[in-house]
Amino acid sequence: MSSILVQTDESGNLSESKKISSSCSAQVKSQAQNSLLGQANTVGIIGGASVLSTLVFLEKLVWWGSRDGEESVPFVVCSDPAIDGALVSQGSIHPSLDGADRNEAIIQNLRHKRVFLEQSGARCLVMPCHVSNAWHEKISDGCSLPFFHIGECVAEELKEAKLKPHDAGSNVRIGVLATSETIAAGSYKEKLGNQGFEVVLPDKATMEHILIPAIDSLNKRDIEGARNLLRIAIHVLLIRAVNIVILASDELQNILPREDPLLKKCIDPMDALARSTIKWAKSGKQDT
C-alpha cells in the first residue's frame, strides 16, 4: 500500500517515544525501508486538532492528487486522539506563551510525531491544523525535510494571484476569520506580511457579537442562524476593503452552502496546503 494511517492509543504513548524498545524501533525502521523509503515523494502528515479535519485534508490530497488517472500521493499519517482535546483548548491561548507547561507539552508531543514520521519514511511534512501551525517554528526545529507552513502556502497562492488593492497606494488587504484571534495572528499575520499583504482581523465587537455567536448557533444546530451571522462577519471585513477572507477555522468551513456567492470571496487554507503538497509530490525534484 502506498498510504499508511498510524494512530496512537488514548494514553498518548507516542509522546513517550523514549520508552519504545529497541526491537520495536528496529521493526518500524525495517518496515519503513521496505514500504516507504523507496518513494521519494512520501508525505508525512501530523494529524490536526480533530480526526475529522485530518480526514478532510486527506480526502483533498487523495482526490486532487489522483486526477487525470494519476497515482495518488503516497502518505503516512500520525493521528493521536490524546492530543486532540489539548489542541482544541489551546485555541484561545496565545501560542507565544513559552513558559506555559501545557504549551511545551503539546509542542514536545508534536515534535515526537515529526520525528516518528521522519523515521517512517516521509520526505516532506505537513500539519493540517490551524492551531499546530502556530508552533511551526518550534516543531520544525532540527528538521531537514521540507515542512510546509499553512500560512506560507496561502501567502504564496495569494501572491501568484496578483491581487490589486482596493485603495490606491495601499497594500492588498486580506481578512482573516477564526474562532480565536490569536490563531489568526500566529499562523497568518507574519506569513502574509512577509509577502506584502496587510492582515485585517475582526474587531472585538465583531468577535463577541457576531462570530462567537455564529459558532454557538452552529453548536446548537441552528444552521440558518450560524449562516446569517457568518455572512455578516464576512461583510464586515469586506466593508473594510479586504480582497479575500480566509476562513481560518474548521468550524467555519461548510457553514455556508456551496452556491452562496460570498464563498467566492473566501478561501479555505487547507486547500492551499493540499495543493502545495501535491505540487511538491508531483514535481519530481524531491531529495532521494
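Here are the numbers for this structure:
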| item | result |
| --- | --- |
| Efficiency of FRET between K265 and E70 - r from beta-carbon atoms, R0 45 angstrom, step 0.05 | 0.90 |
| Tensor-based shape of region 231-288 (alpha-carbon gyration tensor, a/c under 1.5 rounded, otherwise prolate or oblate) | prolate |
| Set K60/K189; K113/K204; K191/K282; K138/K159; K189/K279; K113/K265 screened for pairs whose C-alpha atoms are more than 32 Å apart | K113/K204; K113/K265 |
| Burial order of peptide ranges 135-148, 110-123, 254-267 (average beta-carbon count within 10 Å, highest first) | 110-123, 135-148, 254-267 |
| Cα gyration tensor category, rounded, prolate or oblate, for region 98-241 with a/c compared to 1.5 | oblate |
| Largest-first principal axis extents, alpha carbons of region 168-280, Å | 38, 34, 27 |
| Three-way shape call for region 133-211 based on the alpha-carbon gyration tensor, with the a/c threshold at 1.5 | oblate |
| Spin-label pair E160/R221, simplified geometry with 7 Å Cα→Cβ offset, distance in nm | 4.2 |
| With all protein chains modelled, accessible area of D271 [1.4 Å, Å²] | 40 |
| Summed side-chain charge close to D260 - residues other than D260 whose Cβ falls under 12 Å, Lys, Arg +1, Asp, Glu -1 | +4 |
| Cut-off under 5 Å, modelled amide H: who pairs with I244 long-range | G175 |
| Whole-Hz ³J(HN,Hα) from phi, Karplus 6.51 cos²θ - 1.76 cosθ + 1.60, for region 68-75, glycine and proline x | 6, x, 6, 5, 5, 5, x, 8 |
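The values are calculated or read from the model by the stated rules, or taken from the named source; none is laboratory data. All values derive from a computational prediction rather than experimental measurement. Reconstructed Cβ throughout: ideal geometry from the backbone, glycine too, with neighbour counts over all protein chains shown. Calculation scope for accessible area: heavy atoms of the full protein, side chains included, ligands and nucleic acids excluded. Shrake-Rupley method; radii C 1.70, N 1.55, O 1.52, S 1.80 Å.
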